[in-house]
Amino acid sequence: MGGSWVRQGWVIPGLAVLLAVVMGLSLSIGSMPIDWQELVVTLRTGGSSVSATVVFDLRLPRALSALVVGASLSLAGVLMQVLLRNPLADPYVLGTSGGAAAFALLVIFLGLPYQGIPLAAGIGSMLSMGLLFLLARGEGDWSSARLLLTGIVLASGWGALISFILSITQGAEIHSMLFWLMGDFRAVSPGLTRWILLASALALGLFVARDLNLLAGGELRAQSLGVHTLVLRLGILFGASLLTAAAVTLSGSIGFVGLVVPHMMRRLVGADHRRLLPASALAGSCLLVLAEMIARTVLAPQQLPVGVITAFVGVPLFLYLLGRGHRAGSP
Amino acid sequence: MSLLSATGIEAGVGSVTACRDLDLTLKPGEVWSVLGQNGVGKTTLLLTLAGLRPLRAGEIELDGTSLQSLSRKERARKMGILFQHFETLFSTRVVDAVMTGRHPWVSGWRGTSQHDEKMVQEQLDRVGLEGFGQRMVTTLSGGERRRMEIAALGAQQTKVVLLDEPVNHLDLHYQVHLMRIMLEEWQRKGCAVMMVMHDINLALRFSNRLLLLFGDGETCQGDVASVATESNLTRLFGHPLQRVAIGKETLFWPL
């Protein structure tokens, strides 16, 4: 339980500072170390030195991608947990990422234009979450076991489809395609659309934060207090799917971010979405920027997929939460 | 003047029909108790009146306006409901949980005001939870949670109040005490209250109107004095009941 000082709004500024520090670290650490002074000079002046190439062409795009993916997956996790009324919900665990990845790969496999990939990924994640929403809903309320089983089956179904496509693809660079399964970053910038999506998801989320709080406390009660729950749920479904698709098309399926981050943030700032949403976005960014940095440095010159690092953190936490029984909620 | 009126309504779920062709008028100062056996559809009727379940037939008006044509927010400002079960996904502080009752009155970016906070505190005091504000909801006992929910409903400040087994989980003292102070306040403010009750004597003691659900859509309603007869109640509960007078009070004793 956090002391009152963390509740009084220090967490969010603190995380913003932490994100700046982590970004700085990520830009300076690597096979070619760049010290802070040099980094500041490079960032200010740009130029065409070797360090400028390393920073602007290699490290900055990856770090920014990690930032956007981390924030998007964390927000998607928070939203899915409200939608499905289950703190174990996560885009990776429940197959939403898998749906996006499978549809994206399908576009490549069928030889359709590459511009169709984001759209296909969006459709894939929405389809996956829509199926989950329809199938996992038992009589009345959500049962945790049913939801998780449905999600896990969907996830393995998408995984099988991805494996199938990969195995019948001939002559393609299988290794580079594996990133859809494992999750990794390439030196690609996140692109304006993803920034806009992230910013508008956060802004809209904050606008309906009070409604999200009520929805988490039960659908009927939320309705009785004036929340249009059907519209809100559809909005969440749509938003979380798009966020997941945006992340997956950039980095493949990186797991457990949407599970780990909201869980940690609830312990720090409580369950109020007015603070939980921004805190999760910032913490998710920090986590993935850090994970990306570790993935390319810890066994250098070998690069690990980032999804492996997040899974090492996420799997034990998931099992712990599952064992503890989710009904107790997070303190 | 009626606060809530139903005309020719049929409410039910699945194979259960709670009422058929029921006319009902809730006026200011009235306290209704809904009585009936388990599974007869008492909760379904209450949820239907609250607009939370589809109406099978008929028309419901809230404060003179059709329930369908009111916006959700307007409806929530006029009618509040206490649910039978308390759900929580993530634990919050007690003050935040009670503040949810103010939701229909605040909107969008604007936060809650000092006025809202004062009202929350008043309601917490009223239900005997002063000093509990900063506690987490998950640390409360069942009875304390029930009182917290009643405080949240009080903070909603509605003219129509629907209660589903309000004294569930409550200690004897709070059953009587809370019913008395809450109902007095609601009556003083000219509210209309309808509650689903299990304890017939508590229902008779605190209400002035009764609605009996016999099952299969058959109902009976009226003043407590005219409806609470041995024969009606014996039939209602499927168990013989005897009327006993203690001082000025009338009790029903299951034989």
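Within region B:83-105, which residues are in a loop (DSSP other than H, G, I, E, B) and either at the interface with another protein chain (Cβ under 8 Å from one of its Cβ atoms) or farther than 18 Å from B:Leu162 by Cβ (or both)?
Of region B:83-105, the ones in a loop (DSSP other than H, G, I, E, B) are B:83-92.
Passing the criteria: B:Phe83, B:Glu87, B:Thr88, B:Leu89, B:Phe90, B:Ser91, B:Thr92.
Could you run through region B:205-244 and say how many residues are in contact (Cβ under 8 Å) with a residue 40 or more places away in the chain and within 17 Å of B:Ile9 (Cα to Cα)?
Matching residues across region B:205-244 total 10.
Of A:Leu204, A:Leu197, which residue is part of a helix (DSSP H, G or I), modelled with pLDDT of 80 or more and more than 28 Å from A:Gly111 (Cα to Cα)?
Numbers: A:Leu197 fails: more than 28 Å from A:Gly111 (Cα to Cα).
Going through A:Leu204, A:Leu197 in turn, just one is part of a helix (DSSP H, G or I), modelled with pLDDT of 80 or more and more than 28 Å from A:Gly111 (Cα to Cα): A:Leu204.
So which of A:Val78, A:Val21 is exposed (fewer than 14 other Cβ atoms within 10 Å of the Cβ), more than 14 Å from A:Val248 (Cα to Cα) and modelled with pLDDT of 95 or more? Before you say what the answer is, go through the steps one by one.
Values: A:Val78 fails: exposed (fewer than 14 other Cβ atoms within 10 Å of the Cβ).
On inspection, the qualifying residue turns out to be A:Val21.
Within region B:116-156, which residues are in contact with a Lys or Arg (Cβ under 8 Å, 6 or more places away or on another chain) and within 18 Å of B:Lys189 (Cα to Cα)? Full working, then the answer.
Just the residues of region B:116-156 that are in contact with a Lys or Arg (Cβ under 8 Å, 6 or more places away or on another chain), to begin with: B:116, B:119-120, B:127-129, B:133-137, B:151, B:154-156.
If the condition is that a residue be in contact with a Lys or Arg (Cβ under 8 Å, 6 or more places away or on another chain) and within 18 Å of B:Lys189 (Cα to Cα), then B:Met119, B:Val120, B:Val127, B:Ala151, B:Gly154, B:Ala155, B:Gln156 are the ones that fit.
Does B:Leu45 meet the test of being in contact with a strand residue (DSSP E or B) (Cβ under 9 Å, 6 or more places away or on another chain), more than 14 Å from chain A (Cβ to nearest Cβ), part of a loop (DSSP other than H, G, I, E, B) and of a type outside the set (Gly, Ala, Ser)? Spell out the reasoning first.
On the way: in contact with a strand residue (DSSP E or B) (Cβ under 9 Å, 6 or more places away or on another chain): yes; more than 14 Å from chain A (Cβ to nearest Cβ): yes; part of a loop (DSSP other than H, G, I, E, B): no; of a type outside the set (Gly, Ala, Ser): yes.
It is false that B:Leu45 is in contact with a strand residue (DSSP E or B) (Cβ under 9 Å, 6 or more places away or on another chain), more than 14 Å from chain A (Cβ to nearest Cβ), part of a loop (DSSP other than H, G, I, E, B) and of a type outside the set (Gly, Ala, Ser).
May I ask you to verify whether A:Ser285 is touching a Leu at 6+ places or on another chain (Cβ under 8 Å), part of a loop (DSSP other than H, G, I, E, B) and away from every other protein chain (no Cβ under 13 Å)?
Working: touching a Leu at 6+ places or on another chain (Cβ under 8 Å): yes; part of a loop (DSSP other than H, G, I, E, B): no; away from every other protein chain (no Cβ under 13 Å): yes.
Against the criterion (touching a Leu at 6+ places or on another chain (Cβ under 8 Å), part of a loop (DSSP other than H, G, I, E, B) and away from every other protein chain (no Cβ under 13 Å)), A:Ser285 does not qualify.
Please specify each residue of region A:131-152 satisfying the condition of being at pLDDT 70 or above, part of a helix (DSSP H, G or I) and surrounded by 15 or more Cβ atoms within 10 Å (Cβ to Cβ). Don't jump to the end; show me each part of the working.
Our first condition is that a residue be at pLDDT 70 or above; within region A:131-152, this holds for A:131-136, A:145-152.
With part of a helix (DSSP H, G or I) added as a condition, the list becomes A:131-135, A:145-152.
Those that are at pLDDT 70 or above, part of a helix (DSSP H, G or I) and surrounded by 15 or more Cβ atoms within 10 Å (Cβ to Cβ): A:Leu131, A:Leu132, A:Phe133, A:Leu135, A:Leu147, A:Leu148, A:Thr150, A:Gly151.
What number of residues within region B:166-189 are part of a loop (DSSP other than H, G, I, E, B), more than 15 Å from the chain's Cα centre (by Cα) and at pLDDT 90 or above?
Residues meeting the conditions: 1.
Out of curiosity, is A:Gly217 touching a residue at least 60 places away in the same chain (Cβ under 8 Å), within 19 Å of A:Asn86 (Cα to Cα) and not charged (D, E, K, R)? Steps first, answer last, please.
Values: touching a residue at least 60 places away in the same chain (Cβ under 8 Å): no; within 19 Å of A:Asn86 (Cα to Cα): yes; not charged (D, E, K, R): yes.
Taking the combined requirement at face value, the residue does not satisfy it.
Within region A:24-40, how many residues are out of contact with any Ser or Thr (no Cβ under 7 Å at 6 or more places or on another chain), surrounded by 15 or more Cβ atoms within 10 Å (Cβ to Cβ) and among the β-branched types (Val, Ile, Thr)? Working first, answer last.
So the first thing to find is which residues in region A:24-40 are out of contact with any Ser or Thr (no Cβ under 7 Å at 6 or more places or on another chain), and the list is A:24-28, A:31-33, A:37, A:40.
Okay, now just the ones that are also surrounded by 15 or more Cβ atoms within 10 Å (Cβ to Cβ), so A:24-28.
Still in the list and also among the β-branched types (Val, Ile, Thr): none.
Going through region A:24-40 one residue at a time, the tally reaches 0.
Quick check on B:Val224: is it within 19 Å of the chain's Cα centre (by Cα) and modelled with pLDDT of 90 or more? Let's see the steps before the verdict.
Numbers: within 19 Å of the chain's Cα centre (by Cα): yes; modelled with pLDDT of 90 or more: yes.
Yes, satisfied.
In region B:60-82, what count of residues is obtained for those that are in contact with a Leu (Cβ under 6 Å, 6 or more places away or on another chain), facing chain A (nearest Cβ under 8 Å) and more than 18 Å from B:Thr43 (Cα to Cα)?
1
When B:His198 is evaluated against the numbered criteria (1) in a loop (DSSP other than H, G, I, E, B); (2) under 24 Å from B:Asp63 (Cα atoms); (3) not aromatic (Phe, Trp, Tyr), which criterion, by number, is the only one it fails?
(2)
Of (1) crowded, with 24+ Cβ neighbours inside 10 Å; (2) within 14 Å of another protein chain (Cβ to nearest Cβ), A:Ala246 satisfies all except one. Which?
Here A:Ala246 meets the rest and fails (2).
Considering only residues that are in contact (Cβ under 8 Å) with a residue 24 or more places away in the chain and among the β-branched types (Val, Ile, Thr), which ones fall in region A:37-67?
Filtering region A:37-67 down to residues in contact (Cβ under 8 Å) with a residue 24 or more places away in the chain leaves A:54-55, A:57-67.
Scanning region A:37-67 gives A:Val54, A:Val55.
For the condition among the polar types (S, T, N, Q), part of a strand (DSSP E or B) and in contact with a Lys or Arg (Cβ under 8 Å, 6 or more places away or on another chain), what is the one hit in B:Gln242, B:Gln221?
It is B:Gln221.
Is it the case, given these coordinates, that A:Thr229 is surrounded by 23 or more Cβ atoms within 10 Å (Cβ to Cβ) and either more than 16 Å from A:Ile123 (Cα to Cα) or touching a residue at least 40 places away in the same chain (Cβ under 8 Å) (or both)?
Details: surrounded by 23 or more Cβ atoms within 10 Å (Cβ to Cβ): no; either more than 16 Å from A:Ile123 (Cα to Cα) or touching a residue at least 40 places away in the same chain (Cβ under 8 Å) (or both): yes.
So A:Thr229 does not fit the description; no.
Among the candidates B:Val34, B:Val40, single out the residue that is buried (at least 18 other Cβ atoms within 10 Å of the Cβ), away from chain A (no Cβ under 14 Å) and either part of a loop (DSSP other than H, G, I, E, B) or modelled with pLDDT under 90 (or both). Even if it seems obvious, please write down each step before you answer.
Values: B:Val34 fails: either part of a loop (DSSP other than H, G, I, E, B) or modelled with pLDDT under 90 (or both).
Being buried (at least 18 other Cβ atoms within 10 Å of the Cβ), away from chain A (no Cβ under 14 Å) and either part of a loop (DSSP other than H, G, I, E, B) or modelled with pLDDT under 90 (or both) holds for just one of B:Val34, B:Val40, which is B:Val40.
Can you find even one residue in region A:18-27 that is more than 22 Å from the chain's Cα centre (by Cα) and over 29 Å from A:Val315 (Cβ atoms)? Please lay out each step first, then the result.
Filtering region A:18-27 down to residues more than 22 Å from the chain's Cα centre (by Cα) leaves none.
There is no residue in region A:18-27 that is more than 22 Å from the chain's Cα centre (by Cα) and over 29 Å from A:Val315 (Cβ atoms).
Got a sec? Which of B:Leu170, B:Leu178, B:Leu202, B:Leu183 is free of Cβ contacts under 8 Å to residues at least 40 places away in the same chain and more than 13 Å from B:Val34 (Cα to Cα)?
Values: B:Leu178 fails: free of Cβ contacts under 8 Å to residues at least 40 places away in the same chain; B:Leu202 fails: more than 13 Å from B:Val34 (Cα to Cα); B:Leu183 fails: free of Cβ contacts under 8 Å to residues at least 40 places away in the same chain.
Result of the check over B:Leu170, B:Leu178, B:Leu202, B:Leu183: B:Leu170.
Output the residues belonging to region A:78-100 that are charged (D, E, K, R) and within 14 Å of another protein chain (Cβ to nearest Cβ). Don't jump to the end; show me each part of the working.
Of region A:78-100, the ones charged (D, E, K, R) are A:85, A:90.
Passing the criteria: only A:Arg85.
Would a scan of region A:258-270 turn up a residue that is surrounded by fewer than 24 Cβ atoms within 10 Å (Cβ to Cβ), among the charged types (D, E, K, R) and in a loop (DSSP other than H, G, I, E, B)?
Looking for residues that are surrounded by fewer than 24 Cβ atoms within 10 Å (Cβ to Cβ), among the charged types (D, E, K, R) and in a loop (DSSP other than H, G, I, E, B), one finds none in region A:258-270, hence no.
Considering only residues that are crowded, with 20+ Cβ neighbours inside 10 Å and touching a Gly at 6+ places or on another chain (Cβ under 9 Å), look in region B:78-90 and name the one that is modelled with the lowest pLDDT.
Result: B:Leu89.
The values are calculated or read from the model by the stated rules, or taken from the named source; none is laboratory data. What you are looking at is a predicted structure, and each value in this text was computed from that prediction instead of being measured. So basically every Cβ, Gly included, is an ideal-geometry build from the backbone, and we count neighbours across all protein chains shown.
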